[in-house]
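Q: Handing you a structure now.
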Amino acid sequence: MSTLSTHILDTAIGKPAVGVAIRLEQLQSGKWVTLTQGETDTDGRLKNLGGGELGPGQYRLVAQTGEYFAITQRETLYPVAQIDLILPADNLHYHLPFLISPGRGRPTGEVNDRWAPQANCLRGRLSAVKHEVVCIAPGREFFPVLLQRSE
């Protein structure tokens with residue numbers, strides 16, 4: 001059984017995204033079923049999604065970014081951010097962070113050491129071992145999504 005966690009960083013302000021509603025769904029018999037939901041904490045994290053251990057199967061992590069940007073009084077092009085994944089039967093922990101931006105320009109501020117693997121994507125390089133970086137490029141902006149696998 002695998003475990004899952006997430007972390008959301010707001011690249012426009014250079015801070016964790018606090019209070020983002022997130023839900024974890026699983027595809028069961030051709031329909032998406034919500035397994036758990038919650039909000040990111042003061043560090044932008046939601047730990048132990050799925051209430052513990054998750055079996056192999058197809059899942060999706062859905063972040064309600066539109067609600068977050070509305071609360072922070074910013075318009076967005078992206079009301080929802082979603083990561084679809086298939087968990088194998090490998091008993092590992094998967095950490096699925098999001099980098100979000102309202103989509104009205106490039107992120108501002110310095111990229112700190114904590115964001116280094118995501119920054120590597122922006123520079124066109126691969127990050128450290130056991131990380132997979134996916135760059136999503138709507139228009140001219142790049143939004144890296146870091147998929148981290150740890151044993």
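Q: When only alpha-carbon atoms are used, what values of Rg and Dmax, in angstrom, describe the range 1-73?
A: Rg then Dmax for the range 1-73, in Å: 13.2, 41.
Q: Starting from the 7 Å offset along Cα-to-Cβ, what nm value, one decimal, do you get for the label separation of ALA70 and LYS15?
A: About 2.1 nm, to one decimal.
Q: Let me ask another. By how many nm would the segment from LYS47 to HIS93 lengthen if fully extended, with 0.36 nm per residue of separation less the alpha-carbon distance?
A: My answer for the length gained is 15.5 nm.
Q: Moving to a separate point now. If I stretch the segment between SER29 and ILE86 completely, what's the gain in nm (0.36 nm per residue apart, minus their alpha carbon distance), one decimal? Intermediate results must be reported in sequence, preceding the final value.
A: Numbers: separation 57, 0.36 × 57 = 20.52 nm, distance 1.50 nm.
Length difference between fully extended and current span is 19.0 nm.
Q: Now for a different question. Starting with the highest mean, order 34-44, 1-11 by the number of other Cβ atoms within 10 Å, averaged over the residues of each peptide.
A: Details: 34-44: 14.8, 1-11: 20.9.
By packing density, highest mean first, the sequence is 1-11, 34-44.
Q: Ordering ILE86, ILE22 from largest to smallest accessible area (1.4 angstrom probe), what's the sequence?
A: Sorted by accessible area, descending: ILE86, ILE22.
Q: Could you rank the peptides 92-101, 66-75 by their average count of other C-beta atoms within 10 Å per residue, with the highest value first?
A: 92-101, 66-75
The values are calculated or read from the model by the stated rules, or taken from the named source; none is laboratory data. Computed from a prediction, not measured in an experiment: that's the story for all the values here. Heads up, the Cβs are rebuilt from the backbone with ideal geometry, glycines too, and the neighbour counts pull from every protein chain shown. Side chains are part of the model used for accessible areas, which takes the heavy atoms of the whole protein and leaves out ligands, DNA and RNA. Shrake-Rupley method; radii C 1.70, N 1.55, O 1.52, S 1.80 Å.
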